[in-house]
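Undergrad: I'd like to ask some things about the structure below.
What follows draws every value from the coordinates through simple rules; no lab data is involved. As the structure is a computational prediction, the values presented were derived from the model and not from experiment. Every residue, glycine among them, receives a Cβ derived from its backbone with ideal geometry; neighbour counts consider all protein chains shown.
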Amino acid sequence: MTINDLRTVQEPLKHRYRADPASALVTLRADGDLGMGVSCSVQTGQALVKAGLHPATGGDGLSICSGDMLLQALVACAGVTLGAVASSLGIDVSGTVHAEGDLDFRGTLAVDKTAPVGFREIRLRFDLLSDADEEKMAALTRLTERYCVVFQTLAAPPALSVSLKRQL
């Protein structure tokens, strides 16, 4: 997508959101079906993904781990955001996006109540090819971090809630 294509698509949206801020609020949804054993099938929009336990918690490795899915969502969002920002800045760029995170499964398995449940650290890395100067590349990195929805959600977590509706 060229910078002109992106501007053509986004400018009417920006205008509408400025004029009517409520129109910018969108609720995204994800749904899953509990499966046999310890699994949950999630429709991604492109394919049905069967999530299950990571082998470090007793899984058989045949189902995807939701922690992997979180990192994949970060890579996808950061990659798309970087592409949009690069287009906006007029930077020609190609390359790869990588995310890795450290988990201590003692927390998940209640082996050590002081061990955290969840990622201790997540590292996002771009390996890029570009003729852009260091100043433009620094701006590309800064703006990608600033506008990546998944990165910002992890950096400043939203309010969370859990509810249960019992069906008889």
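Undergrad: Would you mind finding the one in 60, 33 that is more than 18 Å from the chain's Cα centre (by Cα) and outside any strand (DSSP E or B)?
TA: Just one listed residue meets the conditions, 60.
Undergrad: Another question, if that's okay. Counting just the residues of segment 131-154 that are touching a Leu at 6+ places or on another chain (Cβ under 8 Å) and small (Gly, Ala, Ser), which one comes out surrounded by the most Cβ atoms within 10 Å (Cβ to Cβ)?
TA: Checked segment 131-154; the qualifying residue surrounded by the most Cβ atoms within 10 Å (Cβ to Cβ) is 132.
Undergrad: For segment 77-123, name all the residues that are touching a residue at least 60 places away in the same chain (Cβ under 8 Å) and small (Gly, Ala, Ser).
TA: Hits for segment 77-123 are 78, 83, 84, 87, 88, 90.
Undergrad: What residue, among those in segment 111-168 that are under 19 Å from the mean Cα position of the chain (by Cα) and of a type in the set (Asp, Glu), is nearest to residue 97 (Cα to Cα)?
TA: Once the filter is applied, the top-ranked residue is 127.
Undergrad: From 42, 9, 26, which residue is free of Cβ contacts under 8 Å to residues at least 40 places away in the same chain and surrounded by 14 or more Cβ atoms within 10 Å (Cβ to Cβ)?
TA: Details: 9 fails: surrounded by 14 or more Cβ atoms within 10 Å (Cβ to Cβ); 26 fails: surrounded by 14 or more Cβ atoms within 10 Å (Cβ to Cβ).
Within the list 42, 9, 26, the selection yields 42.
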